[in-house]
């Protein structure tokens, strides 16, 4: 059996080096190198090795942080272009590992519409970390129920069951109703 070892090399081009005066973004190009080998040396980055955070100053989202492994930390203002330039922030919201029906990343403190089955209508809740159960879940806005996003590695929701429509940190009335503080 033959395996192919794939190596990506990323090049960052400085716009000042290019001839076009109206180019104002950094371009990234990737070159792909294939090498035939008899021994697999694949190493995948798993969610446990990658941690994403949403960075805020009070009610304003100022960027995102992505930590890969233990030493690589990247920052972005839009979750698309990443670099090593730190972004000043006061609060951190952790990524849950889920996306909604529009492929929007779901972070703690997001307010979502969700349904547990096709028979029930959409409910609204806020995504929170449950310290006792050590898991992310949805705390319903209109009652005391808490629904974990996954149980023992099994996802409770499909992406189509979730939709982010607001943030708890811009809705102080919901924060007060739920007895929560943004620290």
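With a 10 Å Cβ neighbour count serving as the proxy for reagent exposure, in which order, fewest first, do 127, 151 appear? Please list the in-between numbers first.
On the way: 127 25, 151 12.
Ascending Cβ contact count within 10 Å gives the list 151, 127.
What Rg and what Dmax come out for segment 50-178 when only alpha-carbon atoms are used, in angstroms?
Calculated on Cα positions, Rg and Dmax stand at 15.1, 47 Å.
If each residue of separation counts as 0.36 nm, what is the full-extension length gain between residue 70 and residue 134 once their alpha-carbon separation is subtracted?
On the way: separation 64, 0.36 × 64 = 23.04 nm, distance 2.14 nm.
This chain segment gains 20.9 nm when fully extended.
Roughly how many nanometres apart are two label points built 7 Å out from the Cα toward the Cβ at residue 122 and residue 176?
2.7
Each value in this text was obtained by applying a stated rule to the coordinates, not by laboratory testing. Just so you know, these numbers come straight off a predicted model, no measurement behind them. Note: ideal-geometry Cβ built from the backbone for every residue, glycine included; neighbour counts use all protein chains shown.
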